[in-house]
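Engineer: The structure's right below; bear with me while I get my questions together.
The values are calculated or read from the model by the stated rules, or taken from the named source; none is laboratory data. Fair warning: this is a prediction, and the values are worked out from it, not measured in the lab. When we count neighbours, we look across all protein chains shown, and the Cβ atoms used for this are built from the backbone with ideal geometry, even at glycine.
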Amino acid sequence: MKTSFAIPEKSTLFNSVIDGYGRRLALVFGNECKDGQCPFYQNQCNHCDIGNGEGIQFNHELNRERLVFFKDYYADVLPDIVHLVIYNSGSTLNKLEMSPDTLFCISQYAASLEKCKIVSWDSRENYIKHKNLDIIVNNLRQDQQIKIILGIESQDEKIRMVNLKKLMSKDSIEKAFTVIGAYEDRIGIEFNVIFQPPEIIGQEAISEAIKTVEYGLNMSQKYKVPIDFNFHSYYPSRKSKAMFPNHPRAKIRDALKALILMKQAILQFDSPSKIFIGWQDEEHDCEKNKREAEMKKYLDVFNSFNSEQKLEILHY
């Protein structure tokens with residue numbers, strides 16, 4: 001039993017993995033907004049249970065204690081981390097969810113990790129503002145690249161804004177690229193892509209995933225902003241199961257087909273963009289037995305592709 005909310009639930013203590021940059025570790029901090037929830041949780045994001053938070057409103061002191069816990073818990077891993085990923089069940093760039101003091105504290109610690117070259121921060125697009133980014137830019141080392149994770153999920157506005165009820169318009173996404181472009185290559189973007197979002201399956205889902213990657217690559221070229229992609233196969237969460245009870249979990253075979261074509265699109269754009277197949281952050285999957293069976297069969301493929309980024313690995 002937890003003795004302090006500074007100690008995270010076991011389900012959010014991710015193992016380090018290897019991605020296309022090197023050893024990667026995701027750290028989950030507490031949300032400092034009211035009730036510890038993402039402010040969009042109640043009225044948006046039909047697929048997301050993560051925004052429910054940890055059942056308590058965090059503050060800077062609690063998050064500083066959590067950082068101390070992470071330093072001890074991951075003591076053997078942190079010196080070798082190349083890619084550090086920061087989550088807080090919402091938007092790390094929203095000062096109501098992660099205070100400037102907490103942002104500053106985490107940034108300074110990330111700067112102390114000698115091998116760390118990339119630090120990714122999860123956020124909604126409307127918090128991508130110079131005053132928020134400057135805290136990170138001014139406290140990380142010059143040789144560290146910043147990446148902002150945007151959960152656009154799909155380039156199709158009906159899928160994103162109606163089916164998923166994630167009210168993130170293409171205009172607001174493009175504005176985020178404009179802001180980030182001013183930092184030249186110091187800051188990049190990562191798109192979260194949901195494979196087989198509600199109401200599309202099969203070849204239509206494969207085509208939509210490719211279009212989402214192409215949309216990101218076009219934005220990347222237009223604004224000269226580096227871009228990567230985080231790929232997540234759809235699974236029924238508590239929220240999504242209530243909203244779309246008949247929509248099936250994504251078939252991994254179809255997901256692999258989509259990944260092959262996504263990687264080919266990246267190669268055709270002559271882009272250095274990388275794809276990370278996400279499989280660690282799915283504790284909210286309501287079909288855990290099916291997920292375990294999928295992981296047993298495909299985990300080695302996912303891990304090999306994440307680290308090597310080779311197209312032939314996906315021809316499984």
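Engineer: Within the group Ser220, Ser271, which residue is polar (S, T, N, Q) and surrounded by fewer than 21 Cβ atoms within 10 Å (Cβ to Cβ)?
Structural biologist: Working: Ser220 fails: surrounded by fewer than 21 Cβ atoms within 10 Å (Cβ to Cβ).
Going through Ser220, Ser271 in turn, the sole match is Ser271.
Engineer: Right, here's the next one. Would you call Glu65 more than 26 Å from Gln42 (Cβ to Cβ) and charged (D, E, K, R)?
Structural biologist: Criteria met by Glu65.
Engineer: Follow-up question, since we're still on this one. Would you mind telling me which numbered condition in (1) touching a strand residue (DSSP E or B) at 6+ places or on another chain (Cβ under 8 Å); (2) of a type in the set (Gly, Ala, Ser); (3) part of a helix (DSSP H, G or I) Ser89 fails?
Structural biologist: Here Ser89 meets the rest and fails (3).
Engineer: OK, next. Looking at (1) under 30 Å from Lys241 (Cα atoms); (2) in contact with a Lys or Arg (Cβ under 6 Å, 6 or more places away or on another chain); (3) surrounded by fewer than 21 Cβ atoms within 10 Å (Cβ to Cβ), can you tell me which one Lys211 breaks?
Structural biologist: (2)
Engineer: Right, another one. Report the residue count in region 121-172 for those that are assigned to a helix (DSSP H, G or I) and in contact (Cβ under 8 Å) with a residue 60 or more places away in the chain.
Structural biologist: Matching residues across region 121-172 total 1.
Engineer: Would you please list the contacts, defined by Cβ atoms under 7 Å and residues six or more apart or on different chains, that run from a residue in region 19-41 that is closer than 19 Å to Glu114 by Cβ to a residue that is small (Gly, Ala, Ser)?
Structural biologist: Every condition considered, the pairs that remain are Asp19/Ser307; Arg23/Ser16; Arg24/Ser16; Leu25/Ser16.
Engineer: One residue is enough: does region 297-308 have a residue meeting the conditions closer than 17 Å to Ile194 by Cβ and surrounded by 13 or more Cβ atoms within 10 Å (Cβ to Cβ)? Write out each step before concluding.
Structural biologist: Step one: list which residues in region 297-308 are closer than 17 Å to Ile194 by Cβ, which gives 302.
Still in the list and also surrounded by 13 or more Cβ atoms within 10 Å (Cβ to Cβ): 302.
Scanning region 297-308, I find at least one residue that is closer than 17 Å to Ile194 by Cβ and surrounded by 13 or more Cβ atoms within 10 Å (Cβ to Cβ), so the answer is yes.
Engineer: Among the listed residues Ile227, Ile194, Ile187, identify the single one that is crowded, with 19+ Cβ neighbours inside 10 Å and over 13 Å from Ile152 (Cβ atoms).
Structural biologist: Step by step, each of Ile227, Ile194, Ile187 is checked, and only Ile187 is crowded, with 19+ Cβ neighbours inside 10 Å and over 13 Å from Ile152 (Cβ atoms).
Engineer: Out of Leu113, Leu67, Leu62, I need the residue that is within 20 Å of the chain's Cα centre (by Cα) and surrounded by fewer than 21 Cβ atoms within 10 Å (Cβ to Cβ). Which one?
Structural biologist: Selected residue: Leu67, the only one of Leu113, Leu67, Leu62 that is within 20 Å of the chain's Cα centre (by Cα) and surrounded by fewer than 21 Cβ atoms within 10 Å (Cβ to Cβ).
Engineer: I'd like to check which helices (runs of 4 or more DSSP H) are fully inside region 214-316 and have at least 3 residues that are at pLDDT 95 or above and either over 26 Å from Ser11 (Cα atoms) or of a type in the set (A, V, I, L, M, F, W, C) (or both).
Structural biologist: Numbers: elements: 238-243, 252-268, 288-308.
Output list reads 252-268, 288-308.
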